[in-house]
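The values are calculated or read from the model by the stated rules, or taken from the named source; none is laboratory data. None of the values given here were measured: they were computed from a predicted structure. Virtual Cβ from ideal backbone geometry, glycine too; neighbours counted across all protein chains shown.
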Amino acid sequence: MSDADDEFLLPAAPEREAVLRTFAELVASRGYEHLVLAPLVEPDERHFPDRWVGGEASVLRVLRRLAIYADLETVPLTVVVEPDLGLGPLAPAGIGAHAWWRRDPQRNAEVSVRESSLRDPFVLVPALARVVAGIFRDHHGLASKNAEQEERLVDLTAVFLGFGLLTVPSAVRRGTQRNGGRVQATTTRVGVVDPRTLAFAIAIPIELRALGGSVRSGIDARLGDDGAAFVAAAQAHFAKLDPPLSTRLGVPPRASWVDPPALSLLTAPLPDEAGMSQERRLDEDKGVRGMNAGKPVFRVERSKAYRLARTLGLPVLLLGMLASRMQHGFEFEMWKAMAIAAGLAVSGLAIGRLLPDARCSEPKCLQTLRKHDTVCPLCGGRIAGVIHHPRERLAAEEALAAREAAGSAEPPQVDPPDA
């Protein structure tokens with residue numbers, strides 16, 4: 001790999017220096033042990049042997065295990081599971097993220113978790129690792145008064161504590177989710193530091209520990225192809241440092257390191273908690289059924305004209321395109337298929353105008369509603385008014401909220417969307 005390739009895979013020089021400076025400050029303040037001796041925690045049963053039931057007590061057990069890895073066993077922790085309603089879109093860090101924390105009046109660390117995050121351990125556990133890193137910084141008087149800067153330092157401190165294999169792969173995750181009848185691409189973020197800089201950070205303990213063989217292969221598998229390439233470029237960069245990396249960070253020679261803690265001691269059973277068997281499960285996806293119970297939805301009333309035109313005309317058009325491309329000794333003129341499809345579509349438009357269609361406005365539901373329904377039979381939402389296009393839903397909700405705040409129960413009037 002050329003130097004130009006290495007530079008492309010590395011963060012910018014000022015960012016590299018900022019990471020090295022942060023790690024040097026952490027070593028000077030809290031010692032070198034976490035950086036080179038603490039286990040590189042992975043999201044598996046070996047590192048998290050505690051029972052998961054799916055409620056607040058389960059989250060607390062994960063937090064307490066992470067606190068043990070960070071030498072924070074004595075810090076009082078409490079957990080609150082927050083419903084997503086009212087939190088707004090997911091934030092990468094801070095209030096509204098998958099998990100965040102604050103000091104309560106008794107100086108306990110109160111950790112809040114989004115209820116929806118309980119269903120995705122690949123973001124929940126990394127988010128909790130960041131929370132513990134934030135508590136670590138606060139507990140030891142390291143927190144910055146600049147909130148934005150502190151969030152970046154929390155990301156790097158999580159790597160310093162041995163949580164990099166949790167947080168680095170989850171920094172940006174891409175996937176898909178079904179929204180109504182459509183599959184949409186999704187992107188989730190945990191933390192604020194970009195993946196390339198985080199990979200540079202996790203390369204530091206990998207380099208200092210001289211990890212190789214099957215251990216290194218397992219790390220590369222956790223990080224993925226891009227992460228592994230970033231780490232390899234970072235290690236090539238460390239090889240050229242003068243003074244060496246360990247000297248830059250204030251890490252003593254390897255011969256003087258103390259023995260690392262045994263994983264069996266760090267994963268010893270937690271004290272049993274009363275009422276664990278009665279823990280209410282919160283991590284199950286209940287799906288669409290009942291999801292809007294007690295919440296307002298709207299009846300979307302419009303004709304079946306467009307839907308019926310598409311249903312009748314589109315298949316003929318597609319079959320015509322297929323037939324026109326077949327090479328079996330006969331010719332098919334595409335214009336004929338287009339004419340037939342157009343005729344069927346026009347017929348569909350005419351017939352569809354005579355067929356009313358009423359559906360729930362919830363995009364994940366779209367249940368057909370009967371004329372006398374006051375509650376959606378699928379999602380459970382109370383029908384608060386009538387709109388004529390799904391695009392009117394958000395405006396209708398805002399108008400309803402304004403009317404309810406003003407003490408009016410009249411159905412909201414919504415302007416039709418722009419053509």
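Summary table
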item: Qualifying residues in the range 291-328 (those that are modelled with pLDDT under 70 and small (Gly, Ala, Ser)) - the one nearest to CYS376 (Cα to Cα); result: ALA305
item: Single unsatisfied condition, THR74 versus (1) surrounded by 13 or more Cβ atoms within 10 Å (Cβ to Cβ); (2) at negative phi; (3) assigned to a loop (DSSP other than H, G, I, E, B); (4) of a type outside the set (Asp, Glu); result: (1)
item: Verdict on ARG65 being under 27 Å from the mean Cα position of the chain (by Cα), surrounded by fewer than 18 Cβ atoms within 10 Å (Cβ to Cβ) and among the basic types (Lys, Arg); result: no
item: Residue match in the range 155-174 (condition: modelled with pLDDT under 90, surrounded by fewer than 20 Cβ atoms within 10 Å (Cβ to Cβ) and not basic (Lys, Arg)); result: yes
item: Condition met for VAL59 (in a loop (DSSP other than H, G, I, E, B), in the same structural domain as ARG216 (by TED's automatic domain parsing) and among the β-branched types (Val, Ile, Thr)); result: no
item: Count of residues meeting criterion [of a type outside the set (A, V, I, L, M) and under 31 Å from the mean Cα position of the chain (by Cα)] in the range 368-410; result: 13
item: Number of the exception - LEU60 against (1) on the phi < 0 side of the Ramachandran plot; (2) over 22 Å from the mean Cα position of the chain (by Cα); (3) surrounded by 15 or more Cβ atoms within 10 Å (Cβ to Cβ); result: (2)
item: Candidates LEU63, LEU90, filtered to the one that is more than 30 Å from SER256 (Cβ to Cβ) and at pLDDT below 95; result: LEU90
item: Hey, LEU26 within 29 Å of ALA199 (Cα to Cα), buried (at least 18 other Cβ atoms within 10 Å of the Cβ) and under 26 Å from the mean Cα position of the chain (by Cα) or not; result: no
item: Flag if VAL80 is of a type in the set (A, V, I, L, M), outside any loop (DSSP other than H, G, I, E, B) and without any contact (Cβ under 8 Å) to a residue 60 or more places away in the chain; result: yes
item: Scope the range 130-142; condition surrounded by 18 or more Cβ atoms within 10 Å (Cβ to Cβ) and either closer than 18 Å to GLU33 by Cβ or at pLDDT below 95 (or both); matching residues; result: VAL132, ALA133, PHE136, ARG137
item: Filter result for the condition that a residue is of a type outside the set (D, E, K, R), surrounded by 13 or more Cβ atoms within 10 Å (Cβ to Cβ) and modelled with pLDDT of 75 or more, over LEU394, LEU369; result: LEU369
item: Unmet requirement for GLU82, which otherwise passes all of (1) touching a Ser or Thr at 6+ places or on another chain (Cβ under 7 Å); (2) within 30 Å of THR247 (Cα to Cα); result: (2)
item: Counted residues, the range 222-265 - those being closer than 30 Å to GLU73 by Cβ and buried (at least 17 other Cβ atoms within 10 Å of the Cβ); result: 5
